[in-house]
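First up is the structure itself, then whatever we jot down about it.
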Amino acid sequence: MVRSSGKQKSTKLVFVCVVLLGFGLVADYLWASSPYFASYLYRVPADNPQSTVIIPKQDPHHAGTEPPKIRVEADKAKSFLAVDVHDRSLSATFADLPAPELEWEKMANAPVPRLDGAAIQIKDLLYVFAGYETINLVHSHVDIYNFTDNTWGERFDMPKEMAHSHLGMVTDGRYIYVVTGQYGPQCRGPTARNFVLDTKTKQWQDMPPLPVPRYAPATQLWRGRLHVMGGSKENRHTPALEHWSLAVKDGKALEKEWRPEIPIPRGGPHRACVVVNDQLLIIGGQEGDFMAKPGSPIFKCSRRNEIVYDAVHMLDDEMKWKPLPPMPKPDSHIEFAWAIVNNSIVIAGGTTEKHPTTKKMVLVGEVFQFNLDTLV
């Protein structure tokens, strides 16, 4: 995604996007992990506040120094998870941002509850798309948040054929490319339809469909091409490895068909996909997801096994995937929970491996910083 950079104001604005979507995705898994997930409606309270994080400027006296190693406190982990956790040192590439330096402030409430939607920031505006309101009701519109005056303003409809959740999404700074995703509530099937939004005119245009539909694929613009990778296959659970690209410019496809590319090393949905310093990275994600109960006329969601992972890979100049230092812990549902800050990739929250007893998802209550200076 194209992100604003170089100014403290834009840094603050970008990171608001991270936190808004991070909390949305976290709320989704709280909801999805509940034993009442498939039979009861869940609503976010109307007075639930939004939050923002301000990242402080790097101390010039410490610029260029290697980030400190972080040590997991095993005793606290044991008391929380009730399982044995081995004390370990984390890679210096990743580091927690010191909590005392993060300032939180309340933001305007969203117009509607929204789970598992998508969001893109362009300058001072945050475009929020689709998402569940309840397990049986999905949104088919876009809301726009203005960072300048802390208000939600314009709202407009999405195309009727566009997916309602698990979207792939990226922007070039004006045009927003929307790729595949789940069409409808519960655990309904995906669509291969793709669209592009001109944010200046608010007009939608069709894009060539994917060869096959996917759920929550990694999506990015890189070297003049729209890349779509992984996600879940048509049954919503099986991880996909396919990687396609399409030449695009100024909101238009320059080709009629998607070109096959090198498959990703590990398939699955809900991973961060970042382009920085002309490098394409995929971070975290999972294998498996809820899927429709066999024979259900409403495609009622049924829990399946999920494996969350910590893998990080970069596509190099030879178009080969290169492994990078893993995340401190497995982390998923972070596709809209990242930002570029001070030459680092900052990831807020997410979900990690299930609780060994309750089998509910464990939420990640940390902010991770991936130092780009240590990649080579």
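Here are a few things to note about the model shown:
- Overall form of segment 223-306 per C-alpha gyration tensor (a/c, 1.5; a/b vs b/c): prolate
- Among the listed pairs LYS160/LYS360; LYS300/LYS359; LYS233/LYS300; LYS123/LYS322, a Cα-Cα separation exceeding 26 Å is found for LYS160/LYS360; LYS123/LYS322.
- Model label zone, ILE262; criterion: amide N under 11 Å from point 7 Å along Cα-to-beta-carbon; scope segment 278-315: 314-315
- Given R0 = 30 Å, the distance between the Cβ atoms of ASN150 and LYS202 translates into a calculated FRET efficiency of 0.85.
- For segment 190-343, a/c is not less than 1.5, where a ≥ b ≥ c are the root eigenvalues of the C-alpha gyration tensor, and a/b does not top b/c. That puts it in the oblate class.
- FRET efficiency estimate (nearest 0.05) - Cβ-Cβ, SER296 to GLU161, R0 25 angstrom: 0.60
- Placing pseudo-labels 7 Å out from each Cα toward the beta carbon at LYS359 and VAL112 gives an inter-label distance of 3.3 nm.
- Cβ-based exposure ranking for ARG236, ARG266, in which fewest neighbours within 10 Å come first: ARG266, ARG236
- Computed 3J(HN,Hα) for segment 217-226, one whole-Hz value per residue from the Karplus formula 6.51 cos²θ - 1.76 cosθ + 1.60 where θ = phi - 60°, is x, 5, 9, 7, 9, 8, 6, x, 10, 8, glycine and proline marked x.
- Selection of chymotrypsin sites (Phe, Trp or Tyr not before Pro), segment 101-138, meeting DSSP coil and at most 12 other Cβ within 10 Å: none
- Backbone HN-Hα couplings from phi across segment 109-122 [Karplus 6.51/-1.76/1.60, Hz, Gly and Pro as x]: 5, 5, x, 9, x, 8, 10, 6, x, 9, 8, 9, 9, 10
Coordinate-derived values only; no laboratory data. Since the structure is predicted, the reported quantities are computational estimates derived from the model, not experimental observations. So basically every Cβ, Gly included, is an ideal-geometry build from the backbone, and we count neighbours across all protein chains shown.
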